[in-house]
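A short reminder: the numbers here are calculations on the coordinates, not readings from a lab. Not measured: the values here are computed from a predicted model. Cβ placement follows ideal geometry from the backbone for every residue including glycine, while neighbour counts extend to all protein chains displayed.
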Amino acid sequence: MVLRTHSPSEPGGGISGAPTRASDVLTAYRARRAQQPLFDVRGALGTGYDEFIDAAGDIRPGWQELADCIAERGRGGLDRLRNTVRNLVDDDGITYVRVDQNAPTEDAVAEPWRLDALPLLISTTDWDTLEAGLVQRSRLLDAVLTDLYGERRSITSGVLPPQLLFAHPGYVRAAHGIQVPGRHQLFLHGCDVSRNTAGSFVVNADWTQAPSGAGYALAGRRVIAHAASDMYERIAPRPASPWAQALRLALIDAAPESAAEPMVVVLSPGTQSETAFDQAYLAGVLGFPLVESADLVVREGRLWMRSLGTLKRVDVVLRRVDAGYVDPLDLRPDSRLGVVGLVEVMRRGAVTVVNTLGSGILESPGLLHFLPQLAEMLVGETPMLASPQTYWGGVDVERSHLLSHLGSLLVKPTTGGDTIVGPALTAAQRDELAARIAAEPWRWIGQEPPQFSSAPTDYHPGGVSAAEVGVRLFTVAQRGGYAPMSGGLGFLPAPGNSAYTMDTVAAKDVWVRTPDRARAVPSPAVDLPVMTPSPTRSITSPRVLSDLFWLGRYAERAEQTARLLTVTRERYHEYRYRQDMEESQCVPVLLGAIGALTGTDTGAGDDDHEAIAVAPSTLWSLTADRRRPGSLAQSVERLGQAARGVRDQMSNDTWMVLAAVERAVALNKTGSPPDSHAPADAYLLTAHTQTLAGMLALSGMAAESMVQDIGWTMMDIGKRIERGLGLTALLRATLGTVRPPGAEQAVTESMLVACESSVIYRRRTLGKISVSAVADLLLFDSENPRSLVFQFERLRADLKRLPSASGTSRPERLADEIAATLRRADPDDLEIIAADGTRAELVELLDGLHTELRELSSRIAAAHLCLPTGIQPLWGPDERRQLP
């Protein structure tokens with residue numbers, strides 16, 4: 001049967017221009033598999049298990065529909081699909097923070113997440129095996145965790161050597177005696193699985209500290225289902241979203257018994273965390289606040305969340321901070337990621353933290369070696385899913401094998417640390433490692449390297465090819481056992497030895513096939529619990545409010561800068577060859593105005609000709625140099641940082657708009673302008689117009705789509721302050737000095753364009769230039785949303801909406817005083833020209849308003865956006881220690 005969507009003459013109609021069959025896809029796949037892709041250098045691809053084709057070389061039944069879909073698309077269709085996936089990843093703001101351990105934290109770069117357009121399919125039979133083995137493994141690890149922090153029968157019976165427990169950093173002594181409510185101590189379990197050459201599933205790693213990837217898995221499913229809707233509908237994989245609902249209900253159920261309406265938060269290390277998106281996306285899907293350490297405080301033996309001067313009790317914390325950092329009082333004193341006193345609150349049973357402290361011990365390679373014996377002793381079962389063969393240096397026979405095979409094993413310290421890849425070692429390094437093992441053999445585990453099966457990928461251009469694949473699976477504890485996510489997060493291992501340390505080049509969506517009988521029978525309705533009002537409805541911490549405040553300011557700053565750069569660029573092209581005209585003076589004046597807004601030197605000094613000569617490089621720097629204060633690139637970058645800090649507060653449309661702006665500004669990768677004007681002008685035009693369009697879109701979404709709660713109010717306050725600061729600086733730089741008539745006309749018209757008020761000004765004055773008329777429109781017109789008085793009226797209204805508003809607070813009083821100053825000014829007085837050629841009244845008014853606006857911003861930050869400082873009492877007054 002021939003499947004086609006294009007005629008042979010259409011671009012991309014097939015692999016070679018002819019109608020494409022699934023057999024053609026198979027032929028191309030076999031050919032590229034035989035060639036062994038460049039990104040695989042281990043040589044295992046030719047001998048490993050193939051998910052796509054069987055031993056006879058035919059497409060496996062579960063993959064036939066996907067092969068048909070690939071054939072229908074053809075080469076061109078696959079290229080379009082790949083581009084669609086990348087665009088959707090950008091539009092959704094799915095990122096991975098690339099952290100350089102040798103660079104400052106603030107230099108960490110959020111890169112677009114890499115996602116393969118073709119999913120990894122798992123048959124019903126294979127999933128039954130995986131699901132049973134995964135759920136059992138979660139139960140086994142839960143039993144081990146309960147024992148290690150409880151009776152410790154595994155130690156007293158001699159099954160587990162005690163040094164493998166107490167010497168591993170995953171063991172937290174302070175966690176002894178802390179109990180998670182319910183039947184299970186292991187709440188969330190991640191598990192990396194691959195197939196060996198025989199086709200059996202093997203667990204390469206367990207993640208129990210703070211498992212990551214579930215948010216990426218859910219986001220990846222959304223992208224692929226969107227981009228390849230035809231494939232998704234035809235194959236109809238099992239949905240992953242029910243697992244998110246199970247996780248949400250499990251978190252609520254984990255609350256202490258005293259919590260009537262449990263409040264749940266997701267504790268994140270912050271936006272510089274490698275998996276910051278994963279944490280924020282999962283929090284958004286669950287509907288729980290994403291918090292950082294600064295948002296939480298311990299008072300009177302309980303955990304609280306700060307919210308505009310009030311405190312809201314927290315009952316459950318989904319922890320994404322490593323255990324050692326959660327409390328600088330009881331654990332690492334150098335931590336800035338935790339909450340002082342949290343461990344004591346856990347001991348009291350006043351809050352539930354999951355995964356519980358100390359769960360990281362289950363990731364110990366020494367524990368993995370003894371897992372079969374521990375499973376037999378604790379639950380009387382044998383693991384269904386095998387682990388890689390391991391060799392412990394504490395046993396003579398195994399130590400001999402470890403030492404004689406150092407060049408082919410992965411060597412892991414049982415006391416924590418990085419995995420040593422044996423195949424990557426030199427002879428001298430192997431000798432040094434052998435000496436270390438011989439000196440302290442109990443500290444070392446040798447493990448057979450993981451094996452991976454291969455499956456089709458379209459991540460690399462050139463058509464469908466074979467790539468090694470693995471998958472991370474997830475379970476969450478329920479009252480009756482463990483609930484697995486249907487599917488998980490697939491991945492393509494990195495080339496060479498990096499794959500042994502689980503480095504990856506791209507992710508894959510994982511589709512679990514639905515049995516045919518399940519497709520024919522409608523799913524029964526699920527009875528969900530009665531919904532109760534969320535206690536997190538109105539909670540906004542000072543940190544979140546601060547990010548929203550600056551989000552409003554940076555969005556307005558980017559819009560102002562883009563408008564002014566656009567006008568300046570246009571005037572430069574208009575007058576660069578006509579510098580003898582009075583009107584040409586507007587170019588250095590506008591450059592000076594940009595300097596006033598950014599606080600940098602733009603070359604607009606006494607020599608107008610020199611200012612015009614250097615204008616191209618100045619415009620380029622002010623657009624593309626993200627390290628230049630006030631530049632468009634810096635404003636967009638900081639806007640993105642502020643938005644990512646409150647990702648759980650923003651809609652998906654935000655990222656579509658923001659991603660387009662970031663792409664436009666980042667088009668130039670070199671950081672320096674090209675040699676010719678044409679590419680530079682094209683870049684500047686794109687960056688300015690795309691930024692302006694994006695900021696207008698964000699403004700529209702904020703006005704029409706965001707709930708106008710306290711967070712929205714704080715964002716609007718930031719916007720109004722920034723607009724006021726920009727307007728006063730711009731008017732001061734353009735109208736503060738008297739110029740010849742032609743220059744005055746050009747400068748004023750350019751300034752009105754930058755303020756988006758030129759049309760209404762011409763309508764009112766018929767084009768006649770008058771400072772008093774300009775002031776009347778841009779300073780005193782309460783109906784003009786671009787005027788200064790409009791900003792103050794909005795500021796006064798916004799300040800009155802804040803919960804702490806009293807009518808007499810310092811920010812409210814100052815806003816009233818500024819508004820009164822503006823009302824007392826007479827537009828006609830602003831025309832007065834002093835002996836030095838300046839409009840002294842206008843300059844004095846603008847300078848005073850600008851200064852007072854900065855003071856208002858500082859007062860708002862001090863009143864609403866600053867966290868308490870100094871030592872606070874941890875417990876109630878009756879429990880404080882009486883010091884001599």
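Taking 0.36 nm per residue of separation and subtracting the Cα-Cα distance, full extension of the segment from residue 299 to residue 436 would add 44.5 nm. Taking other C-beta atoms within 10 Å as the exposure proxy, 216, 96 rank 96, 216 from fewest upward.
In degrees between 0 and 90, to the nearest 10, how far off the longest principal axis of the chain does helix 615-624 point, with axes built from Cα atoms? Between helix and principal axis, roughly 40 degrees. Once the Cα atoms are used to define both axes, helix 241-253 deviates from the longest principal axis of the chain by about 90 degrees.
Over the range 392-448, all Cα pairs binned in 10 Å intervals from 0 give whole-percent P(r) values of 27, 65, 9, listed from short to long. For 166, 792, 780, the sequence from fewest to most other C-beta atoms within 10 Å is 166, 780, 792. Label points 7 Å out from Cα along the Cβ direction at residue 614 and residue 229: separation in nm? If labels sit at residue 614 and residue 229, their model points lie 5.4 nm apart. On a straight-distance basis, which lysines could pair with residue 768 in a cross-link, Cα separation under 20 angstrom, same-chain partners fewer than 8 positions away excluded? Here the lysines satisfying the reach criterion relative to residue 768 do not exist. Out of every Cα-Cα pair that the range 543-706 contains, those further apart than 28 angstrom amount to 24 percent.
Stretching residue 128 away from residue 502 to a fully extended chain increases their span by 132.1 nm, per 0.36 nm per residue minus the current alpha-carbon distance.
Normalising the average separation of contacting C-alpha pairs (under 8 angstrom, six or more residues apart) by the number of residues puts the relative contact order of the chain at 14 percent.
Among 94, 178, the ranking by other beta carbons within 10 Å of each residue's beta carbon, starting with the fewest, stands as 178, 94. The alpha-carbon of residue 719 sits under 18 angstrom from the alpha-carbons of these lysines, leaving out residues fewer than 8 places away in its chain: 800. With the cut-off at 11 Å, report for the range 212-254 the share of all Cα pairs above it, as a whole percent. It works out to 69 percent of all Cα pairs.
For the chain, just say rounded, prolate or oblate: build the C-alpha gyration tensor, square-root its eigenvalues into a ≥ b ≥ c, call rounded for a/c under 1.5, and beyond that prolate if a/b exceeds b/c, oblate if not. Prolate, since a/c reaches 1.5 and a/b exceeds b/c. Based on C-alpha pairs under 8 angstrom that are at least 6 apart in sequence, the range 543-706 has a relative contact order of 27 percent. A simple spin-label model places the labels of residue 693 and residue 23 4.7 nm from each other, with each point 7 Å out along Cα-to-Cβ.
The region of the chain that goes longest without hitting one of the GluC sites (Glu not before Pro) in a DSSP loop, each with at most 16 other Cβ atoms within 10 Å, is 382-755. Once C-alpha pairs closer than 8 Å and six or more residues apart are averaged by separation and normalised to the residue number of the range 707-865, the relative contact order reads 30 percent. Angle of helix 840-860 to the longest C-alpha principal axis of the chain, folded into 0 to 90 degrees and rounded to 10: 20°.
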